[in-house]
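**Q** Encoded as structure tokens, here's the structure I'll be asking about.
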Amino acid sequence: MAHDERAGSAELIHPKDFSWFFWFTLPLYPYGERRTIRKEVIKDTIWTFDQMQGIFYVVVPIRMTIVKLEAGGLLVYAPVAPTPECIRLVNELVAEHGDVKYIILPTISGLEHKVFVGPFARFFPQAQVCVAPSQWSFPLNLPLSWLGLPRKRTQILPADSKNTPFADEFDYAILGPIELGPGRFAEVAFFHKRSQSLLVTDAVISVPEEPPAIVQLDSYPLLFHAKDNTGDIVADNQANRRKGWQRISLFALYFRPSVLNIPGFGEVLRDANKAPERSKKAYFGLYPFKWQADWQRSFDALRGDGRLFVAPILQTLILNRAPQETIDWADKVASWNFEWIIPCHFDAPIKAQPHQFRQAFSFLEKQPISAGLMNNNSYPLLPDDFKTLQEIDESLNKFGIVPPARDKV
């Protein structure tokens with residue numbers, strides 16, 4: 001497995017290389033300026049393109065994967081922002097391996113993926129755009145062409161992957177659509193047979209102990225969350241970057257883990273008045289977080305030993321609406337002989353076997369299968385950390401916004 005990383009060198013880059021003009025369509029940090037890191041994960045075959053995005057400096061990687069086709073050309077899974085830097089890094093592959101032939105949108109609800117597809121496709125006018133079925137948009141359910149996808153070359157992925165022009169090289173399995181009241185959830189997992197690699201969007205993740213390379217290009221969010229109180233001046237070193245990253249991971253996956261206290265607004269304002277940095281960038285000194293002394297135990301449980309798991313948000317708010325359908329999908333995916341998994345978020349590539357993928361969905365089962373094959377059970381997620389997500393779930397149910405969770409299977 002190759003690990004050649006490539007981003008623009010400091011001597012050659014210009015701030016405009018990172019510009020993302022349409023940032024206002026989904027205003028997430030770092031807004032109109034996005035760096036890209038390309039990594040060759042399987043030599044001359046698969047490359048990942050990492051960018052970063054988040055809210056309130058809770059920043060995580062968002063990833064596009066490009067696969068070289070045996071027939072010549074490239075397949076793009078889950079495009080990211082087509083900044084000049086990103087397109088230059090893609091075009092370097094095009095020059096060596098052929099045109100972008102297929103662009104895959106593997107989700108129906110993930111705005112953070114969908115928003116890039118149309119702008120990305122415009123740079124590759126010969127590419128066929130293939131999207132997951134049952135697309136929808138919020139607050140208005142608009143035609144795909146209104147969302148910027150090219151009308152004449154966009155098609156829905158057929159239910160059976162055998163009915164695609166790339167069937168010789170890829171299998172795929174469609175999860176959903178899972179009905180969620182005002183919206184739907186779906187995901188398409190792609191299996192690249194030759195490299196034995198599985199591409200997924202959000203279904204499973206693995207959280208690294210150290211901050212990913214793309215997040216380390218801008219250390220400010222890491223150091224912001226490494227503070228224990230608003231008065232801290234945090235040195236930029238790897239220990240503090242790691243501390244910030246681990247807290248960011250807890251925020252991103254639980255919203256509010258049990259080891260985090262939120263002080264009252266009056267206390268937050270008083271502390272802000274004493275803050276050493278009160279710039280707009282520092283949110284004017286506002287820092288409404290009080291981490292308990294043993295906060296790291298929650299991260300250690302989340303990371304486990306780097307194992308695969310389903311994000312708590314998906315466990316609590318989405319996949320439990322369709323447990324049997326999800327298990328059936330996981331069984332189909334686990335029937336493929338993959339050795340690597342490349343998700344769109346957090347760590348990648350992940351060395352993993354099919355039974356480890358299947359075990360990640362055991363939270364939907366009354367009697368989990370293959371418990372002895374995988375160490376998920378050795379590192380259970382802490383029930384207390386799910387409390388905020390469960391409260392959100394109960395509120396959504398109470399007001400009839402989403403259907404209730406179904407029984408485990």
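The values are calculated or read from the model by the stated rules, or taken from the named source; none is laboratory data. All values reported here derive from a predicted model rather than from experimental measurement. FYI the Cβ positions are ideal-geometry reconstructions off the backbone, even for glycines, and counts take in every protein chain you see. Accessible surface areas use protein heavy atoms only, side chains included; no ligands, DNA or RNA. Shrake-Rupley method; radii C 1.70, N 1.55, O 1.52, S 1.80 Å.
**Q** Report, by residue number, each residue of segment 43-80 that is of a type in the set (A, V, I, L, M, F, W, C), more than 14 Å from the chain's Cα centre (by Cα) and crowded, with 20+ Cβ neighbours inside 10 Å.
**A** Result: I46, W47, I66, V67, L69, L74, L75, V76.
**Q** Also, I was wondering about something else. Considering L89, L111, L105, which residue is closer than 19 Å to K39 by Cα and either without any contact (Cβ under 8 Å) to a residue 24 or more places away in the chain or among the aliphatic types (A, V, I, L, M) (or both)?
**A** L89
**Q** Show the residue pairs that are 6+ apart or on different chains and have beta-carbon atoms under 6 Å apart, the first residue being within segment 356-373 and within 15 Å of S335 (Cα to Cα) and modelled with pLDDT of 80 or more, the second being surrounded by fewer than 21 Cβ atoms within 10 Å (Cβ to Cβ) and among the hydroxyl-bearing types (S, T, Y).
**A** Q359/S370
**Q** When you scan segment 223-245, how many residues do you find that are closer than 16 Å to W295 by Cα and in contact (Cβ under 8 Å) with a residue 40 or more places away in the chain?
**A** 4
**Q** Return the residues of segment 208-222 that are over 18 Å from I55 (Cβ atoms) and either without any contact (Cβ under 8 Å) to a residue 12 or more places away in the chain or in contact with a strand residue (DSSP E or B) (Cβ under 9 Å, 6 or more places away or on another chain) (or both); say none if nothing qualifies.
**A** The answer is A213, L217.
**Q** Having 1 or more residues that are open to solvent by 20 Å² or more (accessible area, probe 1.4 Å) and either at pLDDT below 90 or in contact with a helix residue (DSSP H, G or I) (Cβ under 6 Å, 6 or more places away or on another chain) (or both) is the bar; report the strands (runs of 3 or more DSSP E) wholly within segment 162-229 that clear it.
**A** Per the criteria, 170-179, 184-192.
**Q** Being at pLDDT 90 or above, at negative phi, of a type in the set (D, E, K, R) and open to solvent by less than 40 Å² (accessible area, probe 1.4 Å) is true for just one of R242, R307, R247. Which residue is that?
**A** The conditions single out R247.
**Q** Another question, then. Looking only at strands (runs of 3 or more DSSP E) that lie completely in segment 4-96, which have at least 1 residues being at pLDDT 85 or above and farther than 28 Å from K193 by Cβ?
**A** 46-55, 58-68
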